[in-house]
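Inspection log for the structure reproduced underneath, given as structure tokens.
Any read-out appearing in this document is the output of simple, stated calculations on the displayed coordinates, not a laboratory observation. Just so it is clear, the model here is predicted, and its values are computed rather than measured. Counting neighbours? That spans all protein chains shown, and the Cβs are built from the backbone with ideal geometry, glycine included.
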Amino acid sequence: MRIEISGLTKTFRGRVAALDGLDLVIPTGMFGLLGANGAGKTTLMRILAGLMRPTKGRVTVGGHDIGTGAGRTAVQRTLGYLPQDLGVYPDLTARQFLDYVALLKGMDERTARRRRVAELLEVVALTENADRRLRGFSGGMRQRVGIAQALLADPQLLIVDEPTAGLDPEERIRFRTLLSQFAGRRTVLLSTHIVDDIAQTCREAAVLAKGRLIFRGTVDELTRRAEGQVWSVVTGGPAPPEGTVVSALPHETGMRYRIVAPTRPNPQAQPLEPSLEDGYIALTGAAQTTSRSSSSGATRPG
Amino acid sequence: MRTFAATLRYEFRMQVRKRSVWLVPALTVLLVLLIGGSLLRDLFDAAEGQTVAKAAMIQLGLQLSALLPIGYGCLLADRLIRDDRLRVAPVLDATPARPGVRLLGKYLGTAVATALPIVAIYAALAVAYAVHWGQPAALGWALASFGLMMVPGLLFVAAFALAVPLTMPAPLFRVLFVGYWIWGNLVPPDMMPTLTGSVIQPVGGYPVNALLDHYGMDGDLQLAGPVPGATLNFLRPEPTALAGWLSIAILLALAAAALAGGQALRTRRTR
């Protein structure tokens, strides 16, 4: 299910532009959406899920224009949505909550619906807790209920917004595996600021910053953005001022810093192979520099 | 239809399980009895003269509908806004189920669940009366009184209790609602400008006088109609049958308008 976004703008209260003229095509398969807090990822997710109308622009999902009521409804029939900060009804059990959502998704036939709910409870390893009230569930268990409800109607488009935030490492791995297994010939749009989730599951990704698209390509291409820009520096003092510190680990002679910088930050710095996170840092650092140059009216050297 | 049925069923289930839904009306009745209310005396004491089933059931309904809707409205005040508070709204809004139909299911599911204890109290007293006095007709009169006098008022209260908290914090709504209830239903019209005794009164004065033809044990209980010296008498036509049905229709129309307004407000905010 292909998503085509053209000139998408969303402004709030006429002033704050959460999305600003976004053009993006999302193909079938796992697709990652990266960006800092406030980049516009959640706003984009909510528009694609039909929860919000664009201020300007056009979005088609599987050929349906979500700017129309009929188009939105058509998309929602084939949609699974796991929002950021998932909420549930605490007084329902997991089974009841899934049954309710299944009914709202149009799964009328009782036997098939119950079978599907039971299947998904098994998939997310919640069968033993299926008849416990949701108020007693941990954050990780609730997220599993969340992914189960998103998969209920066997959606062709699955939108997951920050699904692994707050999960322990084991649950994160389980989650990612589940999403990857589900993708296949479907479209899974994974929005996150946890770069490793993208690295482990997606071939292609886009990066948003301040409502604009600053990258669209493969995960390898994003990683290569940091080629020749990743350094290991060991110092007994503070980190070198140049570049962005990606990690800092205690070392016998001080601290070992992993730094992304366009040039060697100090004479002892050793080059490293870039990771996806490095590529993201290199990209967003470059985007900030470009933005500052544009706003200061700097001209190119002649 | 399936969206409506599903929402009604689950909203009913969630609301009817709440302890407060049962405790609040039970405690209200207990309080009334403890402070010397005449509820039981009127029904079971021959000296009070309540041996006419029709009059007894209508009087019982009037006493219950004077106070119990206060708790009823307060219990419903957070039912619509809680979907946003619990952050479950995005999951529900992302389904193809039409929001207006879901709202209708939520409205009726929670309204019926919250009314169940009121129905239970009324029914229990009606059955006790019927058995005590050997008057099974009391059950029919209880049903008629409930349907004509209490149901429109409860639906009216439920709609506003769901919709108005979209515009203000629920605790503030509860305070204002109690004030409105006393002002709009219990304060005599010749004391100050009030909606008491008007066609917009949810206590059900017009159905009682005009449709059930009940004017109290002594025939002088005027719950509807113009009051000498009162303002807003244009809202108090003579209690004819037409006026009785008009009062019910107005309450239901206002309830529908409140729900439609609430839905429009919610849609505007989320889009």
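Taking the DSSP beta bridges in the protein assembly as shown as the whole, what percent of them are antiparallel, to the nearest 5? Don't skip to the answer; put the middle values down first.
Numbers: 36 of 56 bridges.
Antiparallel: roughly 65 percent of the beta bridges in the protein assembly as shown.
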query = For segment B:115-271, rounded, prolate or oblate, judged on the Cα gyration tensor with a ≥ b ≥ c (square roots of eigenvalues), a/c < 1.5 rounded, else prolate if a/b > b/c?
reply = oblate
query = When chain B is modelled as a GNM with alpha-carbon springs shorter than 10 Å, which of B:PRO96, B:PRO117, B:PRO188 fluctuates the most?
reply = B:PRO96
note = For the protein assembly as shown, the dipole about the Cα centre with charges only on Cβ (Lys and Arg +1, Asp and Glu -1), to the nearest 20 debye, works out at 1300 debye
key: Net charge, A:GLY211 excluded, C-beta distance under 13 Å - Lys, Arg +1, Asp, Glu -1   = +4
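Determine the percent antiparallel among the DSSP beta bridges restricted to chain A, to the nearest 5. Please list the in-between numbers first.
Details: 36 of 56 bridges.
Given both bridge residues lie in chain A, the antiparallel proportion sits at roughly 65 percent.
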request  = Return the whole-Å distance between the Cα centroid of segment A:117-194 and the Cα centroid of segment B:236-271.
outcome  = 43 Å
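What number, rounded to the nearest 500 deg cm²/dmol, is the helix-based mean residue ellipticity at 222 nm of chain A, given -39500 (n - 2.57) per DSSP H run of at least four residues and division by all its residues?
On the way: 9 runs with 104 residues, N = 302.
Mean residue ellipticity at 222 nm (helix-derived): -10500 deg cm²/dmol.
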In sequence order, calculated HN-Hα J values of segment B:111-120 (Karplus, 6.51, -1.76, 1.60; Hz; x Gly/Pro) = 5, 5, 4, 6, 7, 4, x, 5, 4, 5
Net lengthening on full extension, B:LEU40/B:ASP220 (0.36 nm per residue, minus Cα-Cα) = 62.6 nm
query = So what J values fall out for segment A:202-215 if you push phi through Karplus, 6.51 cos²θ - 1.76 cosθ + 1.60 with θ = phi - 60°, rounded to Hz, Gly and Pro as x?
reply = 10, 8, 10, 8, 10, 10, 9, 8, 6, x, 10, 7, 10, 7
ask   = Taking segment B:43-143, which trypsin sites (Lys or Arg not before Pro) meet the DSSP loop condition and have no more than 16 other C-beta atoms within 10 Å?
value = B:ARG87
ask   = Can you put A:THR164, A:THR235 in order, fewest other beta carbons within 10 Å first?
value = A:THR235, A:THR164
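Would you mind getting the Kirkwood hydrodynamic radius of segment B:1-125 from its Cα pairs, rounded to one decimal in Å? Mind dumping the intermediate values first?
Values: mean 1/r = 0.0609 Å⁻¹.
By the Kirkwood definition, the hydrodynamic radius is 16.4 Å.
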inquiry  = Could you list B:LYS18, A:LYS41 so that the one with the fewest beta carbons within 10 Å of its beta carbon is first and the one with the most is last?
reply    = B:LYS18, A:LYS41
request  = Search the structure for amide H atoms under 5 Å from the amide H of A:GLY29, placed 1.01 Å from N in the peptide plane, and list their residues when 5 or more places away or on another chain.
outcome  = A:ARG186, A:THR187, A:VAL188
request  = Provide the net charge surrounding B:PRO228, with neighbours chosen by a C-beta distance below 14 Å and charges set as Lys +1, Arg +1, Asp -1, Glu -1.
outcome  = -1
message = Name the residue from B:GLY147, B:GLN59, A:LEU249 whose Cα lies farthest towards the positive end of the charge dipole of the protein assembly as shown, charges +1 on Cβ of Lys and Arg and -1 on Cβ of Asp and Glu.
response = A:LEU249
note = Summing -39500 (n - 2.57) over every DSSP H run of at least 4 residues in chain B and dividing by its residue count gives a helix-only mean residue ellipticity at 222 nm, to the nearest 500 deg cm²/dmol, of -20500 deg cm²/dmol
ask   = Which FRET efficiency value, to the nearest 0.05, do you get for B:ARG19 and A:THR244 by plugging their Cβ-Cβ distance into 1/(1 + (r/R0)^6) with R0 = 60 Å?
value = 0.65
query = What are the ³J(HN,Hα) values, in whole Hz, obtained from phi via the Karplus relation 6.51 cos²θ - 1.76 cosθ + 1.60 with θ = phi - 60°, for each residue of segment B:92-101 in sequence order, with x given for Gly and Pro?
reply = 6, 5, 7, 8, x, 5, 5, x, x, 5
Prolate/oblate/rounded call for the protein assembly as shown, Cα gyration tensor, a/c under 1.5 rounded = prolate
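Using alpha-carbon pairs under 8 Å, 6+ residues apart, how would you state the relative contact order of segment B:50-188 in percent? Please report the intermediate quantities before stating the final value.
Numbers: 103 pairs, mean separation 64.8, N = 139.
RCO, segment B:50-188: 47 percent.
Which loop GluC sites (Glu not before Pro) in segment A:193-239, with loop taken from DSSP, have no more than 14 other Cβ atoms within 10 angstrom of their Cβ? Walk me through the numbers on the way to the answer.
On the way: sites: A:GLU204, A:GLU221, A:GLU227; in loops: A:GLU227.
In loop regions of segment A:193-239 (DSSP not H, G, I, E or B), the sparsely surrounded GluC sites (Glu not before Pro) are A:GLU227.
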request  = For chain B, just the Cα set please: Rg and Dmax, both in angstrom.
outcome  = 19.3, 63
query = Where a ≥ b ≥ c are the square roots of the eigenvalues of the C-alpha gyration tensor, would you call segment A:3-219 rounded, which needs a/c under 1.5, or, failing that, prolate if a/b is larger than b/c, or oblate?
reply = prolate
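Quick one: net charge of A:PRO83's neighbours, Cβ under 13 Å, K/R +1, D/E -1? Display every interim value, and only then the final one.
Working: positive: A:LYS41, A:ARG46, A:ARG142, B:ARG87; negative: A:ASP85, A:ASP161, A:GLU162, B:ASP83, B:ASP84, B:ASP93.
Around A:PRO83, the charge tally is -2.
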request  = Collect residues whose amide H, placed 1.01 Å from N in the peptide plane, falls under 5 Å from the amide H of A:VAL234; neighbours closer than 5 in sequence don't count.
outcome  = A:TYR257
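What FRET efficiency would be calculated for the residue pair A:ASP196, B:THR267, taking the C-beta separation as r and a Förster radius of 35 Å, to the nearest 0.05? The partial results should precede the final answer.
Numbers: r = 38 Å, r/R0 = 1.09.
Computed FRET efficiency for A:ASP196 and B:THR267 comes out at 0.35.
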